[in-house]
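Right, one structure below, let's go through it.
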Amino acid sequence: MLTVLRRHAKQLESGREGEYPSQAAVLIALTSAPDPEIILTKRAGHLSSHSGEVSLPGGKWDQSDRSLLHTALRESHEEIGLEPSLVEILGGMSPRFTRWDVLVTPYVGIVPQSVELIPNLDELDNIFKVPLSYFLEADNRARTDLFDRRNKSYWAPAYMFKGYEIWGFTAGLLVDFLNGFFDAGIVAESTAPVRRWG
């Protein structure tokens, strides 16, 4: 799978630092295992926003950051103890707006299978890994979520993995990644039950 991943790697986004009032960058980090695993986090329950939600490592761009890629690597180091030098960056993906008008740019990278990660307990409750093959298997979708925003409807599949619910914006970014790098063909039409969020 890593061969496929490298073959489909995109050119790095140049970034749009400063162009929008609120920007962020996240890292879709995969281990070098035979069945690569995607590194995900569970946000701390005491946080005032998105508490307890599953997310990708990353965070908001700071004016001191050299680029959005630097943001993704810096935040990943702060959140999960991932040394930037251990990340083989394959490329960037097209940015997406959150419901709160934050423009998020994802970057894709490979890390050693044996990498040691430590959650920053000020921000996270846990770090966990999900095999890439799990997301590529359609039967593993728990439901399809529909979101209404500014008279438009957006969707993302939701997944349940060992008690973790992976949904919303994070799931949407993962779908962009799976479709872009693996031609996964994940679309809104699915046999999974639909849940609408207003």
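The values are calculated or read from the model by the stated rules, or taken from the named source; none is laboratory data. Here the structure is a predicted model, which means the values were calculated and not measured. Note that we place each Cβ from the backbone using ideal geometry, even for glycine, and neighbour counts take in every protein chain shown.
Output the residue which, of all residues in the range 23-50 that are at pLDDT below 90 and assigned to a loop (DSSP other than H, G, I, E, B), is surrounded by the fewest Cβ atoms within 10 Å (Cβ to Cβ).
Here the answer is Ser48.
Tell me, please, whether a residue that is of a type in the set (D, E, K, R) and out of contact with any strand residue (DSSP E or B) (no Cβ under 8 Å at 6 or more places or on another chain) can be found in the range 45-55.
No: zero hits.
Across the range 91-105, what is the total count of residues that are assigned to a loop (DSSP other than H, G, I, E, B) and crowded, with 17+ Cβ neighbours inside 10 Å?
3
Does Leu90 count as in contact with a His (Cβ under 9 Å, 6 or more places away or on another chain) and within 22 Å of Asp35 (Cα to Cα)?
yes
For Ser64, are the conditions met, namely being of a type in the set (S, T, N, Q) and part of a loop (DSSP other than H, G, I, E, B)?
yes
When you check Leu68 against the structure, is it buried (at least 21 other Cβ atoms within 10 Å of the Cβ), more than 23 Å from Tyr159 (Cβ to Cβ) and within 15 Å of the chain's Cα centre (by Cα), yes or no?
It is true that Leu68 is buried (at least 21 other Cβ atoms within 10 Å of the Cβ), more than 23 Å from Tyr159 (Cβ to Cβ) and within 15 Å of the chain's Cα centre (by Cα).
Let's see how each residue does on (1) surrounded by 13 or more Cβ atoms within 10 Å (Cβ to Cβ); (2) closer than 28 Å to Gly45 by Cα; (3) touching a Ser or Thr at 6+ places or on another chain (Cβ under 9 Å); (4) at pLDDT 90 or above:
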{"position": "Ile89", "(1), (2), (3), (4)": "yes, no, no, yes"}
{"position": "Val111", "(1), (2), (3), (4)": "yes, yes, yes, yes"}
{"position": "Leu121", "(1), (2), (3), (4)": "no, yes, no, yes"}
{"position": "Asp125", "(1), (2), (3), (4)": "yes, yes, yes, yes"}
{"position": "Arg143", "(1), (2), (3), (4)": "yes, yes, yes, yes"}
{"position": "Ala158", "(1), (2), (3), (4)": "yes, yes, yes, yes"}
{"position": "Phe161", "(1), (2), (3), (4)": "yes, yes, no, yes"}
{"position": "Leu178", "(1), (2), (3), (4)": "yes, no, no, yes"}
{"position": "Arg196", "(1), (2), (3), (4)": "no, yes, yes, no"}
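What number of residues in the range 71-87 are under 15 Å from Asn126 (Cα atoms) and in a helix (DSSP H, G or I)?
Counting residues in the range 71-87 that are under 15 Å from Asn126 (Cα atoms) and in a helix (DSSP H, G or I) gives 5.
Which is over 19 Å from Ala25 (Cβ atoms), assigned to a loop (DSSP other than H, G, I, E, B) and of a type in the set (Asp, Glu), of Asp122, Asp139?
Criteria check complete, one pass: Asp122.
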